[in-house]
Amino acid sequence: MKNAKGERRTLYVLILTAITMVAEIIAGTISGSMALLADGWHMATHVAAFMITLFAYHYARKHANDPAFSFGTGKVNVLGGFASAIALAVVALLMLVESTHRLIEPQSISFDDAIAVAVIGLLINIIGAFLLKDEHSHHHDHHHDHNLHAAYMHVLADALTSLLAIFALLAGKFAGLDWLDPVMGIVGSVIVTRWAISLLKQTSPILLDRNIEPRFRQKIVASIESDADNRVSDIHIWKIGANHYSAIIAVVTHEPKPIEHYRALLAPFRQLSHLTIEVNQCQEH
């Protein structure tokens with residue numbers, strides 16, 4: 001999948017995120033805010049994730065016509081999305097561990113400094129979300145780009161943790177609820193974990209060559225067997241990209257016809273990008 005616009009916008013978001021990451025880690029360390037520090041380290045892992053996204057785009061484009069890849073580089077972007085999902089899960093785990101530690105051993109917080117930087121972080125996240133949103137929505141409607149979707153999810157996770165940090169810091173400053181700071185870190189980790197699991201569920205079936213949905217498989221078999229006395233004796237269908245499948249189908253019939261005839265029967269199934277058909281003549285009556 002070629003998505004030059006999405007790749008370019010991801011680079012912009014990477015630069016913005018890296019700058020904000022450094023500011024939040026420094027400010028969080030000085031002020032002692034767990035929510036802010038968690039957001040900063042959270043952004044650090046997102047910077048790594050965005051680099052994975054950009055590398056996947058570059059690698060897929062560079063090797064698009066490389067014969068070493070039997071079915072093209074469609075799965076490279078999916079692999080990028082999977083790797084980013086793992087990074088998202090690691091982020092959530094680090095947030096949970098550190099927040100729990102701060103909950104057990106509270107630390108003093110410089111609220112004014114922490115709130116100021118958290119607001120800046122949120123604004124950067126909102127800008128990043130808008131940069132990726134339109135492109136993500138466009139490709140989601142036409143071709144599901146898991147690589148771009150992963151980058152978009154990382155931006156949303158950043159925005160969420162920044163928002164939770166601001167809420168916790170304001171509650172601590174004006175209501176004396178200092179304990180809310182690490183609690184929001186825990187809440188954020190739970191939500192990010194759910195997003196990571198969702199992304200893993202989308203990408204892992206493709207990487208593991210999961211079969212096409214049963215209803216489509218049945219329709220494919222029915223399309224062939226509804227013609228003459230055809231019978232499908234063997235069928236294998238697996239994903240080779242976000243919306244592309246490869247299929248190997250063996251057909252048994254008394255009166256074999258040219259391969260083009262069977263391909264025409266499956267023409268409505270546009271998701272079958274690579275199709276191999278074997279036709280065997282049945283000698284029995």
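Suppose the filter is at negative phi, open to solvent by less than 50 Å² (accessible area, probe 1.4 Å) and touching a Lys or Arg at 6+ places or on another chain (Cβ under 8 Å); does Leu132 pass it?
yes
Residues in segment 97-118 that are open to solvent by less than 60 Å² (accessible area, probe 1.4 Å) and part of a helix (DSSP H, G or I): how many? Lay out the reasoning, then the answer.
Taking segment 97-118 as the starting set, the residues that turn out to be open to solvent by less than 60 Å² (accessible area, probe 1.4 Å) are 99-100, 102, 109-111, 114-118.
With the extra rule that they be part of a helix (DSSP H, G or I), the set shrinks to 99-100, 102, 111, 114-118.
Here the count works out to 9.
Here is a yes/no grid of residues against (1) at pLDDT 85 or above; (2) surrounded by fewer than 21 Cβ atoms within 10 Å (Cβ to Cβ); (3) in contact with a helix residue (DSSP H, G or I) (Cβ under 8 Å, 6 or more places away or on another chain):
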| site | (1), (2), (3) |
| --- | --- |
| Arg9 | yes, no, yes |
| Ala18 | yes, yes, yes |
| Leu37 | no, no, yes |
| Met95 | no, no, yes |
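Among the residues of segment 193-220, how many are surrounded by fewer than 18 Cβ atoms within 10 Å (Cβ to Cβ), at negative phi and assigned to a loop (DSSP other than H, G, I, E, B)?
Residues that pass the stated criteria total 4.
Can you find even one residue in segment 219-239 that is in contact with a Gly (Cβ under 9 Å, 6 or more places away or on another chain) and in contact (Cβ under 8 Å) with a residue 12 or more places away in the chain?
Narrowing segment 219-239 to residues in contact with a Gly (Cβ under 9 Å, 6 or more places away or on another chain): 239.
Among the residues that remain, those that are also in contact (Cβ under 8 Å) with a residue 12 or more places away in the chain are: 239.
The answer is yes, given that some residue of segment 219-239 is in contact with a Gly (Cβ under 9 Å, 6 or more places away or on another chain) and in contact (Cβ under 8 Å) with a residue 12 or more places away in the chain.
List pairs: first residue in segment 272-285 and among the charged types (D, E, K, R), second residue open to solvent by less than 50 Å² (accessible area, probe 1.4 Å) anywhere in the structure, Cβ distance under 9 angstrom, at least six positions apart or on different chains.
Pairs that qualify, where the first residue is among the charged types (D, E, K, R) and the partner is open to solvent by less than 50 Å² (accessible area, probe 1.4 Å), are Glu278/Ile249; Glu278/Ala250; Glu278/Val251.
I'd like the residue in segment 119-129 that is in contact (Cβ under 8 Å) with a residue 12 or more places away in the chain and within 16 Å of Gly40 (Cβ to Cβ) and, out of all such residues, is surrounded by the fewest Cβ atoms within 10 Å (Cβ to Cβ).
Only one residue fits best here, namely Val119.
If we keep just the residues of segment 221-241 that are assigned to a helix (DSSP H, G or I) and out of contact with any helix residue (DSSP H, G or I) (no Cβ under 9 Å at 6 or more places or on another chain), which is surrounded by the fewest Cβ atoms within 10 Å (Cβ to Cβ)?
Among residues in segment 221-241 that are assigned to a helix (DSSP H, G or I) and out of contact with any helix residue (DSSP H, G or I) (no Cβ under 9 Å at 6 or more places or on another chain), the one surrounded by the fewest Cβ atoms within 10 Å (Cβ to Cβ) is Ala222.
Could you tell me whether Arg210 is more than 24 Å from the chain's Cα centre (by Cα) and of a type in the set (D, E, K, R)?
For Arg210, the condition - more than 24 Å from the chain's Cα centre (by Cα) and of a type in the set (D, E, K, R) - is not met.
So in segment 165-192, with the set limited to residues that are farther than 15 Å from Glu98 by Cβ and among the charged types (D, E, K, R), which one is surrounded by the fewest Cβ atoms within 10 Å (Cβ to Cβ)?
Here the residue is Lys173.
Tell me which residues, restricted to segment 242-271, are touching a strand residue (DSSP E or B) at 6+ places or on another chain (Cβ under 7 Å), part of a loop (DSSP other than H, G, I, E, B), open to solvent by 30 Å² or more (accessible area, probe 1.4 Å) and under 25 Å from Gly74 (Cβ atoms).
Once the filter is applied, which keeps residues that are touching a strand residue (DSSP E or B) at 6+ places or on another chain (Cβ under 7 Å), part of a loop (DSSP other than H, G, I, E, B), open to solvent by 30 Å² or more (accessible area, probe 1.4 Å) and under 25 Å from Gly74 (Cβ atoms), segment 242-271 yields His244, Gln271.
The values are calculated or read from the model by the stated rules, or taken from the named source; none is laboratory data. Fair warning: this is a prediction, and the values are worked out from it, not measured in the lab. With ideal geometry, Cβ positions are generated from the backbone for all residues, glycine too; neighbour counts draw on all protein chains shown. Note: areas computed on protein heavy atoms with side chains; ligands, DNA, RNA excluded. Shrake-Rupley method; radii C 1.70, N 1.55, O 1.52, S 1.80 Å.
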